[in-house]
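The values are calculated or read from the model by the stated rules, or taken from the named source; none is laboratory data. The shown structure was predicted, so the numbers you read here are calculated from the model rather than taken from an experiment. Positions of Cβ are backbone-derived with ideal geometry, glycine not excepted, and every protein chain shown enters the neighbour counts. Just the protein is used for accessible areas: all its heavy atoms, side chains included, with ligands, DNA and RNA removed. Shrake-Rupley method; radii C 1.70, N 1.55, O 1.52, S 1.80 Å.
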Amino acid sequence: PSLKECQEEAGEEVLAALIEQGELVPVSAEVIFRRTDYEDMKSRVKSALTEKGRITLAEVRDLFGTTRKYAQALLEHLDASGVTIRDGDFRKLRT
C-alpha cells in the first residue's frame, strides 16, 4: 500500500509508531515498505549489482514484478542512503 493508504488504514499515530520501531521503512513521501521486504529488496538489488555491475530501473521493476513507481522510490532511497549511485540510466554499488 501507499503511505497515504497506510495512514488511512492504521491511523497516523500507529503508522508513526511502526516507523519509529523500525517495522516500516518509508522510502519516499508516497511509498513505504515493511522492514523485512525492504531488507530483502535491498539485498537482491545488491546481489544483482555485484553480479552484473549495473542495473536499470526497468530491471529492478522486473526483478520484483512491481511498478515503476515502487522501483524508482526504492532506487532513489538506496541512492540517498549510500548503497547505490546513479550513473545516467544505471545504478551501481557505491564504493
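With the full set of protein chains in place, find how many percent of the accessible area of the stretch 13-95 is carbon and sulfur; take the probe as 1.4 Å.
Numbers: 2420 of 5090 Å².
The C+S portion of the solvent-accessible surface of the stretch 13-95 is 48 percent.
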### Task
For the chain, calculate the relative contact order in percent as a whole number, restricting contacts to Cα pairs under 8 Å that are 6 or more residues apart.
22
#### Entry: Per residue solvent-accessible surface (Å²) - the chain, probe of 1.4 Å
64
#### Entry: Most to least accessible of Ser43, Ser2 (protein chains only, probe 1.4 Å)
Ser43, Ser2
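Net charge around Ala17, counting only other residues with Cβ within less than 15 Å of its Cβ (Lys, Arg = +1; Asp, Glu = -1)? Please report the intermediate quantities before stating the final value.
Details: positive: Arg34, Arg35; negative: Glu9, Glu12, Glu13, Glu20, Glu23.
Local charge sum for Ala17: -3.
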### Message
Restricting to lysines 8 or more places apart or on different chains, can you count the pairs in the chain with Cα atoms under 21 Å from each other?
### Response
8
### Task
Among Ala71, Ala48, Ala17, determine the one that fluctuates most according to a GNM of the chain built with springs between C-alpha atoms less than 10 Å apart.
Ala17
### Query
When the chain is modelled as a GNM with alpha-carbon springs shorter than 10 Å, which of Ala73, Ala29, Ala58 fluctuates the most?
Ala29
